Each structure stands twice: as structure tokens, then as C-alpha cells.
1. Take every Cα-Cα pair in the range 11-59 and report what % of them are more than 11 Å apart.
2. Sorted by packing (mean other beta-carbon atoms within 10 Å per residue), highest first, where do 64-70, 15-21, 54-60 land?
3. Using Cβ counts within 10 Å as a stand-in for footprinting exposure, how do 26, 39, 49 rank, fewest first?
4. Note the full-extension length gain between residue 69 and residue 47 as 0.36 nm times their separation in residues minus their Cα-Cα distance, in nm to one decimal.
5. In which sequence would 73, 47 go, from the one with the fewest C-beta neighbours within 10 Å to the one with the most?
6. If I stretch the segment between residue 62 and residue 88 completely, what's the gain in nm (0.36 nm per residue apart, minus their alpha carbon distance), one decimal?
């Protein structure tokens, strides 16, 4: 991934939005996270999306604290999550 970032900066909103969850989970390399930060500093729409995602996560943590979802639900969510596709309209 670092080769790709060195060739071109993350300027495509789809690329950034696909990295929001790993970004918020601190799962990106420092280089990738910096690229996402730079994009968010310049793109109000992506920043709003990231802010909503972060606020949703904070609300869920506050409401449910240490409660864990039942294993069957976790499995269903993870199965669906592996099939998520981002589509944009122009």
C-alpha cells in the first residue's frame, strides 16, 4: 500500500471512505492514516461521514458499554460485512 500512496495521494473520496473504519480503529499504517487525515482536512463531505461514524461509535459505546452482542449476531454481521460494496453515483 505504501507504494500506491507514494505514487498518488488519496484524493478519491471512495478510497478514503473505504478506509474510514480502519482509520477510526487505528488499523492503518501511519502513512495511510496521514493520507486520510490530509483528505479529511480538505473534503467536508468525507469529514462529515467520518464524524458521523465516530459519533455513532461513541454513542454505541456509551449506551452499551461492555455488553457484547450474542455470538450468532456477531457472526451474521461479520458475514454480511465481508460482502459490503461501496457504490457512488455521479
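1. Everything past 11 Å amounts to 65 percent.
2. 15-21, 54-60, 64-70
3. 26, 49, 39
4. 5.1 nm
5. 73, 47
6. Fully extending the segment from residue 62 to residue 88 adds 6.2 nm.
Here, each number is a calculation from the coordinates, and none is a lab measurement. All of these numbers come straight from a predicted model, not from anything done at the bench. Don't worry about glycine lacking a Cβ; one is built from the backbone with ideal geometry, like all the others, and counts go over all protein chains shown.
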